[in-house]
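Below is one structure, written out as structure tokens; comments come after it.
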Amino acid sequence: MGEPGFWDDNEAAQRVVSELKGLKTIVAPMNDLTNSAEDLEVLFEMVDEDASVRAEVEAELSRLENLLESLELKALLNGPNDSAGAILTINARDGGTDANDWADMMLRMYSAWAVDHSFAIELLDRQENEEAGINHASIAIRGPMAYGYLKGEEGMHRLVRISPFNSEGKRQTSFAAVSVSPEIDDSIEVDIQEKDVREDRYRAGGAGGQHVNKTDSAIRLTHVPTNTVVQCQNERSQHQNRATAWKMLRAKLARIEEERREAEDAKKYETQARTGFGSQIRNYFLHPDQRVKDARTGHYVGNFNSVMDGRELQGFFDAFLRLKAGKTVADQSE
């Protein structure tokens, strides 16, 4: 990074900066853990001489145990694209207007988690629903191990609550589907034949009045062999939307290839296409009580809002990593 001309190619430079950040998330706590462990002997001697420092030593031991556990979890993020940024797409599914509102709530949830972890967020595509919420949205979340943490979120998310859109105050169940792809750079080859991609142009949605988009600037790309569809309307020009859409398509196809290579992931997403009851990976309840429970890991949080504001979302990511690691060890032993 200190070499002359490092910033001449800004995109390449940003990749190096991102790689450095990823390495620091491992090296810095590892150095802290190593140095602190070497000091433990001195701390134990202090306890023998002065019992009043016992609480301080116990607090330090607890801190080091938590740090070690965090490093052990990061060690599980060893997939080919785990260190990459993530492209996360949310689609409203069953549940009418409640599902559109639920999809918007989930978009805010993941954004809050990203901000809390100092990750960068970029809105790639967003389609508002006429009544409330969104039909779908895509965001890029960039930071160390973003894809590694978020890829376990792929699947159906179910919300149960008293509907704010029902005048009779009835309980409503709604669903939103999440898909996650690695944000890969040009150094990773993805074989896409242009003849296999259909491009459709359409008019981007606007806020009305002077903001109405009068040109067909939005782009939708369909990879015909895999029936993979991406779209982008958030950029200012058709050229920018096309470039972003191609980036999203490369990410989607890289994800498909990753699933093909990794048998355990393929099994995990066998029911991905299913919608409705029984297909969800996580349940969120606001009625009759407030709680969130993962259907795969059993991880449970009794505070709905602490999950939705991103504060306790990380626990679900960690629990899924532990589950996946446990399955991998079991598979190897067999």
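Details
- The length gained by stretching the chain between V224 and S237 to full extension, at 0.36 nm per residue less their Cα-Cα distance, is 2.2 nm.
- Taking 27 Å as the limit for the C-alpha separation, the pairs K151/K247; K170/K293; K195/K324 exceed it in the case of K195/K324.
- Among (i) 22.3; (ii) 24.3; (iii) 20.9, the entry that matches Kirkwood radius over Cα pairs in Å as calculated here: (i)
- FRET efficiency estimate (nearest 0.05) - Cβ-Cβ, S70 to L43, R0 22 angstrom: 0.60
- Peptides 77-88, 224-235 ranked from most to least packed give 77-88, 224-235, packing being the mean of other C-beta atoms within 10 angstrom over each peptide's residues.
- Per-peptide average of other Cβ atoms within 10 Å, ordering 1-13, 135-147 highest first: 135-147, 1-13
- Relative contact order (%) - criterion: Cα under 8 Å, at least six apart; region: the chain: 16 percent
Computed from the coordinates by the stated procedures, all read-outs in this text should not be read as laboratory data. Not measured: the values here are computed from a predicted model. Glycine also receives a Cβ, built like all others from the backbone with ideal geometry; neighbour counts cover every protein chain displayed.
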